[in-house]
Amino acid sequence: MKLKRFNYKKELKKVQKKGIYSKTFKYTCFYSILGLALISIFIYTSYAMYMYDSGKRTAYNTQASKKIKIHAIISNGNSEDGSLADKILKETPKANPTFTSSHTDKGLYVQQGDSTKSVEGKPTYYYRGNVENNYVEFAGSTWRIVRINEDETIRIVRTELIEGSTYGDTSTYTGSTAEAKLNTWYTNNLKQYEDFIAETEYCNDISGIGNQLRKNPPTIQSFVCRSTPIKLKIGLMTVDEWVYAGGIYDISTQNYLDYLNGWNWSMTTMYNNGTTHDLMFISGGYQYSDTANAGLIPVINLKSGTMVSGSGTSSNPYKVIGAVEPKEQITDYKTTTTMKVNPTPGYGYDDTKGVTCTNSQSGSYNKTTNTLTVNSPSKDTECTVNFKKMKLNEWIIANYPKVTNPDFTSGFPNSSTTSSQITAGSGLYATQDDSGTSYIFRGKVDNNYVHFANQDWRILRVNGDGTVRLMLKDKLTNNSKYNNYTYKYGTPQHDKVGFTREGDPCSIDSPCEVTYDNVTKIFTNQNGGTNSTIKDVLEDWYKTNLNEFDEQIVYGLFCNDISYGSGTDDGSTSTLYYGAYQRLRSSTTNVTPTLVCPEQVDKNKQTRTYGGLYKSKIGLITADELAMGGYSPVYNNSSKNTTDKNYLRRSYSYLTASPDSSNFNANVFTAYYTGRLDNYITFTSWAVVPVINLKTDNLTYSGTGEVGNEIVIR
């Protein structure tokens, strides 16, 4: 057989057609790379579905649906008040109380936590004995502090019971009549305050061990629940807690010196007879198993960050003023999110520090709406909103809505004012007074209540010098005649020939000062002169009701405007109208109230020797303040009258410091009960409503101004 010669060139060409330059190879490589890319994307996506995020493993379906956790931290700065737990723990805790029938233990004690049964094994701090510094004022009730729980919430018990109940209708607390009654009471009385109330563990001890707690002394007491605890917002005390608080034994002659008393149900069983768990109630030194009609004393737990003022005594109880609990919200990936972050009362947004967020995220804060906005977050973040302590005048200006361009030609709100107009037109109106820029409340205001000097007041305005003007919420018990149109002192005499103005040269040396000595309780007119009747009434009330609070009350500026407005000023019998009349009543279309006291001049521009600006501790509201606040200046037109939604309107008529006119009988402006300004002669008897001015430097206050949470001046 003849062999063919090997043609290497021909064979090489065959191989080269299938090499890296061939179409087959090129397509093979292209699809291989594409496949590898798709596989890589799949692997990456799978990893993203179960990835580490801020130190925690979190499963996500896709990157687009990733959930972002926003944690808002409220930074108050250096609080002068502090949290309730901080205040309690300033007292040095004691240990090892004497559990005997003759104990005299008294104070704050500490019980170390049981790390084998409790969550964290932290100490429990509790009050024991006849203590006098564990009072709390909250939600319109007085409470006593029982203990700081292991989770650092604070357990408090109400001092007054709610209606009695037969508690033995079920074997456990859950489903009992007592539970139903407590839950109803919570809804009616505490629901609006539940931002401060923690849902925490209560011990419904059905172990049947309660009977052993009656021993003298009990040796098995414990804060660790012997049964499975239940989480509640409201509940009852346990017998163990009662023993820790001062011991209750089955000894009828023992008088226990603890801060708890009364016929009250507990959450502890007396014994377990195999079919029922009879629950105990307590009365002084007694414990029973019964189905009697005993009282229910609510127990709640305040959150650990609850802020308070006060010292804990019965005369100055801790008063809940706010909470600094961090707020948390979950949002979608890169979705701009807003959340409410309210400052503790007494604090305002710190513009210099602003908002700071971790993980390179950004946030901003709206002071008007108290809203934190986190802009398109891509990672978990903690945003700190910084607040600072504010003086009362600063806090008022920062936290109330502002009113611009109000219409003073009719009352506000009146019968035709819409709800949206009421909202837009109610708040603080800024204008000038004799000391600077003043902010006066106008319209429907429901959150300017103040409790001071054992009296309830309404904030009238922030004065230009930074002091705060208050007006008593109620009238004085007596009404008074207003015997002349000069409010302070000096009694002008007039006859048919003309007026003679005697004895009050205050306009020459304005403001005229009235000084007060709180030791001798004497008011002194520095320029001499004779008191008007209304001045005597106010000063006598001050001596009786405000003397011990005198240092917190400043000498405020009060205007008795007897400047010339119109009419006859030559001693004839014709009517002379004063400045307030000219501004408020002479025209129905040009009403121009002012907080600047005009120069007290007569028709010939000559300075009067009485009336004008006075500096004193107590006075009356002016007609101009009423008009700015929303009172109608229009005479005898009910459609223009302000409604009872206006904070200045009362069910009675009361006097102002502003003369209207004079024609032998001095007429003064009156806040008439129908909601309009009126003028009445001075010998008519009307209600007197005092006005004072508070200093704001070094003034301690708490509360937000609503009924039930009034701004309390300490």
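The values are calculated or read from the model by the stated rules, or taken from the named source; none is laboratory data. Predicted model, so just to flag it, every value in this text is computed and none were measured. A quick note on method: Cβ atoms are made from the backbone with ideal geometry, for glycine too, and the neighbour counts reach across all protein chains shown. Note: accessible area is taken over every heavy atom of the protein model, side chains too, but ligands, DNA and RNA are not part of it. Shrake-Rupley method; radii C 1.70, N 1.55, O 1.52, S 1.80 Å.
Computed values, structure above
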| item | result |
| --- | --- |
| Ordering of 93-99, 535-541, 237-243 by packing [mean C-beta count within 10 Å, highest first] | 237-243, 535-541, 93-99 |
| Cα-based equivalent ellipsoid, segment 330-476: semi-axes from gyration tensor eigenvalues, Å | 35, 19, 14 |
| For segment 430-480, the spread of Cα positions along each principal axis, largest first, Å | 34, 25, 20 |
| Taking the convex hull of Cα positions in segment 539-666, its mean projected area over all directions (nm²) | 10.0 nm² |
| Unit Cα scatterers, Debye sum, segment 599-696: log10 I(q)/I(0) for q = 0.13, 0.16, 0.21 Å⁻¹ | -0.52, -0.76, -1.14 |
| Mean Cβ neighbour count within 10 Å, used as a protection proxy, ranking 370-378, 301-309 highest first | 301-309, 370-378 |
| Relative packing of 329-337, 456-464, which averages over residues the other C-beta atoms within 10 Å, highest first | 456-464, 329-337 |
| Cross-link pairs beyond the 29 Å C-alpha cut-off, checked among 334/402; 106/181; 334/388; 334/367; 122/379; 473/535 | 334/402; 106/181; 334/388; 122/379 |
| Two-site label geometry, residue 222 and residue 95: point separation in nm, points 7 Å out along Cα→Cβ | 2.0 nm |
| Scaled radius of gyration (Cα, divided by 2.2 N^0.38 Å) that segment 350-415 gives | 1.65 |
| Spin-label pair residue 192/residue 592, simplified geometry with 7 Å Cα→Cβ offset, distance in nm | 4.3 nm |
| Protein accessible area in segment 578-652, 1.4 Å probe - carbon and sulfur % | 41 percent |
| Å² of accessible area per residue within segment 536-628, as computed with a 1.4 Å probe and no ligands counted | 38 Å² |
| Two-decimal ratio, segment 374-450, of alpha-carbon radius of gyration to 2.2 N^0.38 Å | 1.54 |
| Sulfur and carbon atoms: percent of accessible area, segment 313-447 [1.4 Å] | 44 percent |
